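To start, the structure under review is shown below, and the notes come after it.
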Amino acid sequence: MDDRTRIELEAAAFRGLVAHLQKRTDVQNIDLMNLAGFCRNCLSKWYLAAAKEHGVAMTDDEAKEAVYGMPHSRWRSEFQTDATAEQKQKFEDTKPLHAEISGHWLKK
């Protein structure tokens, strides 16, 4: 597979993931972090890192809006619930498994 096709497939997979997460507003970020080690905020930070790597001017808020499908503040007020003590403890216990946020994978 050539690089262009690979990039197009990766981009389509990313768009599918983002669309799914925008639809699943019932799924809390802390649950994503506790189960998978990444969340919507991680995706937005990876998106922002990719933009910067490619010289695209973008703010953190713009990256979050691209992932959340709305301003982050609106998503928080409409869909975010308070984390339970158990969720917070699991978050701390799983920290070594959480995603690393950088753009290092962009460099080939």
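Tabulated results
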{"quantity": "Whole-number accessible area per residue in Å² for the chain, which is evaluated in the context of all protein chains at 1.4 Å", "calculated": "69"}
{"quantity": "Solvent-accessible area, 1.4 Å probe, carbon plus sulfur percent, for the chain", "calculated": "54"}
{"quantity": "As computed over segment 11-72, the Cα convex hull volume per residue (Å³)", "calculated": "80"}
{"quantity": "GluC sites (Glu not before Pro) restricted to DSSP loop in segment 36-108 with at most 11 other C-beta within 10 Å", "calculated": "E100"}
{"quantity": "Extended-chain gain in nm, criterion 0.36 nm per residue less alpha-carbon gap, T5 and H20", "calculated": "3.1 nm"}
{"quantity": "Residue-averaged 222 nm ellipticity for the chain, from DSSP H runs of 4+ at -39500 (n - 2.57), nearest 500", "calculated": "-19500 deg cm²/dmol"}
{"quantity": "Diffusion constant of the chain at 4 °C, which comes from Stokes-Einstein with the Kirkwood Cα-pair radius and 1.567 mPa s, µm²/s", "calculated": "86"}
{"quantity": "Under the Debye formula (equal points on every Cα, no solvent term), log10 I(q)/I(0) of segment 41-90 at q = 0.14, 0.30, 0.31 Å⁻¹", "calculated": "-0.45, -1.02, -1.06"}
{"quantity": "Those trypsin sites (Lys or Arg not before Pro) in segment 12-80 that DSSP places in a loop and that have at most 16 other beta carbons within 10 Å", "calculated": "R24"}
{"quantity": "From phi via Karplus (6.51, -1.76, 1.60), per-residue ³J(HN,Hα) for segment 84-101 in Hz, x at Gly/Pro", "calculated": "7, 4, 5, 4, 5, 5, 4, 4, 5, 5, 9, 3, x, 9, 6, 4, 8, 9"}
{"quantity": "Spin-label proximity, I101 to segment 19-39 - amide N less than 19 Å from point 7 Å beyond Cα toward beta carbon", "calculated": "21-22, 28-39"}
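The values are calculated or read from the model by the stated rules, or taken from the named source; none is laboratory data. What you are looking at is a predicted structure, and each value in this text was computed from that prediction instead of being measured. Quick reminder, even Gly has a Cβ in these numbers, built from the backbone with ideal geometry, and neighbours come from all protein chains shown. These area figures cover heavy atoms from the full protein model, side chains too; ligands, DNA and RNA do not enter into them. Shrake-Rupley method; radii C 1.70, N 1.55, O 1.52, S 1.80 Å.
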